[in-house]
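Please read the structure below before turning to the comments.
The values are calculated or read from the model by the stated rules, or taken from the named source; none is laboratory data. The structure displayed is predicted, hence computed values, not measured ones. Note that we place each Cβ from the backbone using ideal geometry, even for glycine, and neighbour counts take in every protein chain shown.
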Amino acid sequence: MTRGTRRILSALLAAVVSLGILFPTAAPAARDVAGELRKERGRLLEMKEREEKTALELTEALRKEKLSKGRVGELQARLKRQRSLLSRIDRKVSVLNERLERAEKAVRELEAAHGQARTDLQRAEVVAFAGQRTGAGDPWYPSARERERHFMRLYLAADAEGVARITRARERKAEELSGLERQVAVTERKRTREKKVGDTLLSRQEEERRRLADIEREKKRKEKELKSLRAKIARMESVVSRVERQVKERERRARKGAAGGSAAREPAEAPRRFASLSGGLSAPLTGKIVTRFGRQHDTTFDVTIENRGVEIEAPSGASVKSVGQGEVAFAGAVSGFGNVLIVQHGGGLFSVYGRLETFLVKQGEAVKKGTVVGSLPGSPSGKSVLYLELRAGGTAIDPTSAIPLDR
Amino acid sequence: MSGQPSLWWIDWRLSRPPLVRETIGRFLFFCLLGFALLSLLLSGGVRRFLSDRYTITAVLRAEVPSAEAEGLARKVAALPPVRSAAYRDPEAAWKEFLRAYPGLDPLRGAGGNPLPGYIELRIRPDRLTGADVDLVVSALRSVPHVEQVLAGEEGLPRLLRAGRLASWVCWGIFGAFFAGFFLVGRLQERARAVALAGDFAFLAERGVPAGRLAFLRAAAAAVSGFLLAAAGTAAGGGALFLSLRKFPFLEGVIGSPSDLLLPRTAAAVALFSCGAALLSAAASLLGWRAARSGPE
């Protein structure tokens, strides 16, 4: 709903409310009101259709939100599991790398030991061979030589066994190393695969979150719209029913007033009655009139609105003063007008101040002309609007006809 | 006394200077033979030499404690053919091994000693036979502590055969010298009988029977031969004793000097002396006979 539409509706509602709730007014032409009423009924029906549609859309948005939340939750759980799995894989890779380093070191050491042992064995074989050739030991003691040969065999066998042991250990370590390398490669592949899955899940989750955010925004928008529509519908229904009552009342009055014409003269006399107030009248604040009194045609929506007051644009937070001497008859909130203050000036004269931020006087309190009765609300644009309505004998009159206001 | 001159030592009275020379020569010869005889008796030919060189090695298992190994060595030493049994622990075995192969010392800096301990047995020289060696080896192999027995079994029969042969050669040489003594003695006796033929003819004309004369000459030769052999052997034994004391390494080949005083040695010397006496008598008789039968 656009800002202009809201303003028009507000003005319309304000008019209707002020008409229906606060002051019974003298009826304008009954035919115009009936036409407006028909229009409002048509608008009401249209709004109800929109409400139904919006409600359906909201339901759909809620369903989508639920589905999306479910998917996000599921994706979150899967992501959590995935992260846990990745963490386990990382730990495993770390452990495997440590074992790999140890195994590589052991293999290097065993290779060095193997090389040394082989060299020693070869040298021992050379020594043994030379001993056999030259006849090591005392040749006069053949038994001793036999024993030394036997011991040489033991020595060589021990050396060969040492070499074989180191070879076996080296082979075992190399096998272990190879196995570890395979494990590391497999784990790395698994890690890459799982990371890819995790990334996919993450991107899906992000996508789902974005979708959920869109849905939530849509839902909020719909809720707000629905709430606004329902409030408007409620107000409009109330207003329509009151207008209907008012129409009936006017018709009844019109029938009664046909006998005399005193009432028709009242609007022309009303400004003079305000001017005759003790102390005269003054402007409630300095500002520019942005909405005029009386029937106004809105070209955008092609509707005719009847304003019972004027709207004065003034700086935000500006003080609002009483236009004349009197007593506070009402200070409270009115739907569509915000905080409303009504000052009774006596003789059937009232001044109405709407869209106030605060009240500085209480109901029943006497005020003089120029007494600050409240203030306008703050606004980011730095401008606020005061609704001012003057009523004489139950009839709204143009405030500009009684008070000097900037046009 | 009948008034007739005694025929004992007739040669000594009739031909003293040549006989003195012969006696000195025979004494010296018996000194040498006695030395050789006693050496052969003590050494058993080359048996003692071989028994000193030949050993049986019982290689023990690596896990056998030293105390048990030493106990086993004592038990093995009690076997009849065994002269001595000595236990060498692994450390000693390793040092001996490195002495034989000094180049191996730096090669097992980290490997440690791979050798086990062992018991080294020596066989008595008189029991150094294949049967006795087999007996000891089989006894050792039945012991669970023994990993292996090194008895040089492949070369042992050859070694024993060579030992026997060497002993025979030694005894053969000795016998040849003894036989040479006999032959030389016979020639000397004949030469003397020829030289004294006139004197013996004179005695025969005076009624002295030739047989009695020959017998008495042979008896005197036997007595002198016995005495010379005994004295020469004693002198040779003394020289051997002194040699063994002076050169101890000879003990490994010949034997201990104390063995010279064993009864069996004395008996052998007595027997040798008797043999020398018999050969001397035989040489005298044969020389007499050869002289009587005319020039050869």
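Residues in region A:177-198 include none that are within 30 Å of A:Gln122 (Cα to Cα) and more than 60 Å from the chain's Cα centre (by Cα). Among the numbered conditions (1) in contact with a helix residue (DSSP H, G or I) (Cβ under 9 Å, 6 or more places away or on another chain); (2) outside the structural domain of B:Val253 (by TED's automatic domain parsing); (3) buried (at least 17 other Cβ atoms within 10 Å of the Cβ), the only one that B:Ser167 does not meet is (2).
Filtered by the rule that a residue be crowded, with 16+ Cβ neighbours inside 10 Å and either touching a strand residue (DSSP E or B) at 6+ places or on another chain (Cβ under 8 Å) or over 27 Å from B:Ala277 (Cβ atoms) (or both), region B:202-252 gives B:Leu244, B:Leu250, B:Glu251.
Looking only at residues of region B:8-66 that are among the hydrophobic types (A, V, I, L, M, F, W, C) and within 14 Å of chain A (Cβ to nearest Cβ), we find that the one that is surrounded by the fewest Cβ atoms within 10 Å (Cβ to Cβ) is B:Ala62.
Close Cβ contacts (under 8 Å, 6 or more residues apart or on different chains) running from residues in region A:342-357 that are at negative phi to residues that are charged (D, E, K, R) and surrounded by fewer than 21 Cβ atoms within 10 Å (Cβ to Cβ) comprise A:Val343/A:Glu327; A:Gln344/A:Glu327; A:Leu349/A:Arg273.
Can you find a residue that is out of contact with any His (no Cβ under 6 Å at 6 or more places or on another chain), in the same structural domain as A:Ser178 (by TED's automatic domain parsing), farther than 30 Å from A:Arg189 by Cβ and surrounded by 15 or more Cβ atoms within 10 Å (Cβ to Cβ) anywhere in region A:98-110? The answer is no, given that none of the residues of region A:98-110 is out of contact with any His (no Cβ under 6 Å at 6 or more places or on another chain), in the same structural domain as A:Ser178 (by TED's automatic domain parsing), farther than 30 Å from A:Arg189 by Cβ and surrounded by 15 or more Cβ atoms within 10 Å (Cβ to Cβ).
Without any contact (Cβ under 8 Å) to a residue 12 or more places away in the chain and within 11 Å of another protein chain (Cβ to nearest Cβ), is that true of B:Glu154? Here the answer is yes, as B:Glu154 does meet what is asked.
Between A:Lys288, A:Lys321, the distinction of being exposed (fewer than 14 other Cβ atoms within 10 Å of the Cβ), at pLDDT 90 or above and not hydrophobic (A, V, I, L, M, F, W, C) belongs to A:Lys288 only.
Tell me, yes or no, whether region A:114-127 has at least one residue that is part of a helix (DSSP H, G or I), farther than 30 Å from B:Arg53 by Cα, under 60 Å from the mean Cα position of the chain (by Cα) and more than 7 Å from chain B (Cβ to nearest Cβ). Give the steps one after another, and end with the answer.
Of all residues in region A:114-127, those part of a helix (DSSP H, G or I) come to A:114-127.
Next cut, farther than 30 Å from B:Arg53 by Cα only: A:114-123.
Still in the list and also under 60 Å from the mean Cα position of the chain (by Cα): none.
Scanning region A:114-127, I find no residue that is part of a helix (DSSP H, G or I), farther than 30 Å from B:Arg53 by Cα, under 60 Å from the mean Cα position of the chain (by Cα) and more than 7 Å from chain B (Cβ to nearest Cβ), so the answer is no.
Looking only at region B:222-241, residues that are in contact (Cβ under 8 Å) with a residue 40 or more places away in the chain and under 15 Å from the mean Cα position of the chain (by Cα) come to 6 in all.
Criterion first (touching a helix residue (DSSP H, G or I) at 6+ places or on another chain (Cβ under 8 Å), within 14 Å of chain B (Cβ to nearest Cβ) and exposed (fewer than 15 other Cβ atoms within 10 Å of the Cβ)) does A:Glu161 satisfy it? Against the criterion (touching a helix residue (DSSP H, G or I) at 6+ places or on another chain (Cβ under 8 Å), within 14 Å of chain B (Cβ to nearest Cβ) and exposed (fewer than 15 other Cβ atoms within 10 Å of the Cβ)), A:Glu161 does not qualify.
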